[in-house]
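First the structure, in the form of structure tokens, and then the observations on it.
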Amino acid sequence: MAYDYILVERRGRAGLITLNRPNALNALSAGLVAELNAALDEFEADDKIGAIVITGSEKAFAAGADITEMKELDFVTAYRDDFISEWDKVGQRRKPLVAAVAGYALGGGCELAMMCDFIIAAETAKFGQPEISLGVIPGSGGTQRLTRFVGKAKAMDMCLTGRLMEADEAERAGLVSRVVPVGDVLEEAVKAAQKIASFSLPAVMMAKESVNRAYETTMAEGIRFERRIFQALFATEDQKEGMLAFTEKRSPQFNNR
Ligand code: HXC
């Protein structure tokens, strides 16, 4: 499929989606988000892909929703069309998503990064929810995911003052999993995705589902959910292969079934 606003590649079993609207710092227009979801649909349906990286440019992962496109929007239209509900589809993906962030990840760009399962940041990364300076608030999880990831004090600070958080603070606060030099961020993310994709896909998907459960339920329910999923994995061929390979002192050959 041909895309106008993104680049799509395969790197072994890792899918790579690069946001590509350089003139607008990858502002997330409706067209771009539709293409992103189409590319994710394609990778999710592809047995040869086990994990997906989303990245932008060195200057900007994404500078937010496209302000030019939404500036004349009225409430009735926004409500009737459920404006930006399409974005949620990114956060509902079942295969792992890794965000490789350099430069600005602002507004919807920060929200998009947070919809991924983890963020690998370049030292140049800057995260922010500056919507308050436009007379609005974050609309795609910024007040919710950010608060769960970095806590109330920092989330309030960012959403109320619009201040940006640099990579080292983001790592200390738990927003990003690793910080690397800007020249390495994409390769580091692709390597992580390839590593994930080398494991049993059902186990990987269940691990993702189980970790995400921690954000949706009580500890007791989460522990019970995890145990049931853990038990279920003994029904897979990959569990037999993984444990047999360990006892035979060789690498496992997972077949993802
Ligand atoms: C549309 C944008 C844009 C955006 C940048 N551009 N961000 N266009 N929507 N979000 C465009 C600029 O208009 C400009 O186009 C070009 O990209 C380069 O941007 P500059 O501002 O010239 O670059 P610079 O001076 O380096 O400043 C970088 C920046 C600034 C600090 C990131 O661009 C900025 O503040 N952008 C807006 C960030 C923001 O407020 N994001 C939140 C959006 S609201 P021209 O044609 O002039 O060269 C949002 C709501 C989410 O995300 C709700 C849920 C989805």
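The values are calculated or read from the model by the stated rules, or taken from the named source; none is laboratory data. Quick caveat: nothing in here was measured; it's all calculated off a predicted structure. Don't worry about glycine lacking a Cβ; one is built from the backbone with ideal geometry, like all the others, and counts go over all protein chains shown. Areas reflect the complete protein model, heavy atoms only, side chains present, ligands, DNA and RNA absent. Shrake-Rupley method; radii C 1.70, N 1.55, O 1.52, S 1.80 Å.
Conditions first: (1) away from the ligand (no atom under 11 Å from the Cβ); (2) assigned to a strand (DSSP E or B); (3) open to solvent by less than 50 Å² (accessible area, probe 1.4 Å). F61 passes all but one, so which condition is the exception?
In the conditions (1) away from the ligand (no atom under 11 Å from the Cβ); (2) assigned to a strand (DSSP E or B); (3) open to solvent by less than 50 Å² (accessible area, probe 1.4 Å), F61 misses (1) alone.
Return only the number of the condition from (1) touching a Pro at 6+ places or on another chain (Cβ under 7 Å); (2) open to solvent by 50 Å² or more (accessible area, probe 1.4 Å) that G162 does not satisfy.
Unmet condition: (2).
Count, please, the residues in the range 224-257 that happen to be of a type outside the set (D, E, K, R), outside any loop (DSSP other than H, G, I, E, B) and touching a Phe, Trp or Tyr at 6+ places or on another chain (Cβ under 8 Å).
Qualifying residue count for the region: 1.
Are any of the residues in the range 5-14 modelled with pLDDT of 95 or more, acidic (D, E), within 12 Å of the ligand (Cβ to nearest atom) and outside any loop (DSSP other than H, G, I, E, B)?
So far as the range 5-14 goes, no, none of its residues is modelled with pLDDT of 95 or more, acidic (D, E), within 12 Å of the ligand (Cβ to nearest atom) and outside any loop (DSSP other than H, G, I, E, B).
Quick one: is V33 within 16 Å of the ligand (Cβ to nearest atom) and buried (at least 21 other Cβ atoms within 10 Å of the Cβ)?
Spelling it out, V33 is indeed within 16 Å of the ligand (Cβ to nearest atom) and buried (at least 21 other Cβ atoms within 10 Å of the Cβ).
Among the residues of the range 97-147, write down those that are more than 13 Å from the ligand (Cβ to nearest atom) and either touching a Leu at 6+ places or on another chain (Cβ under 7 Å) or open to solvent by 10 Å² or more (accessible area, probe 1.4 Å) (or both).
A100, C116, D117, F118, I119, E123, T147
Are there any pairs with C-beta distances below 9 angstrom linking a residue in the range 217-235 that is over 21 Å from N256 (Cα atoms) to a residue that is at pLDDT below 95 and surrounded by fewer than 10 Cβ atoms within 10 Å (Cβ to Cβ), with the two at least 6 apart or on different chains, and if so which?
G222/E216
Taking S177 and the conditions (1) within 11 Å of the ligand (Cβ to nearest atom); (2) surrounded by fewer than 17 Cβ atoms within 10 Å (Cβ to Cβ), which numbered condition does it fall short on, given that it satisfies the others?
If we test S177 against (1) within 11 Å of the ligand (Cβ to nearest atom); (2) surrounded by fewer than 17 Cβ atoms within 10 Å (Cβ to Cβ), just (1) comes out false.
Residues in the range 66-79: is at least one within 17 Å of Q129 (Cα to Cα), touching a Ser or Thr at 6+ places or on another chain (Cβ under 7 Å), buried (at least 19 other Cβ atoms within 10 Å of the Cβ) and at pLDDT 95 or above?
yes
Yes/no per residue for (1) touching a residue at least 40 places away in the same chain (Cβ under 8 Å); (2) over 11 Å from G64 (Cβ atoms); (3) part of a loop (DSSP other than H, G, I, E, B):
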residue	(1), (2), (3)
V90	yes, yes, no
A99	yes, yes, no
G109	yes, no, no
L112	yes, no, no
I120	yes, yes, no
T124	yes, yes, yes
I137	no, yes, yes
S140	yes, no, yes
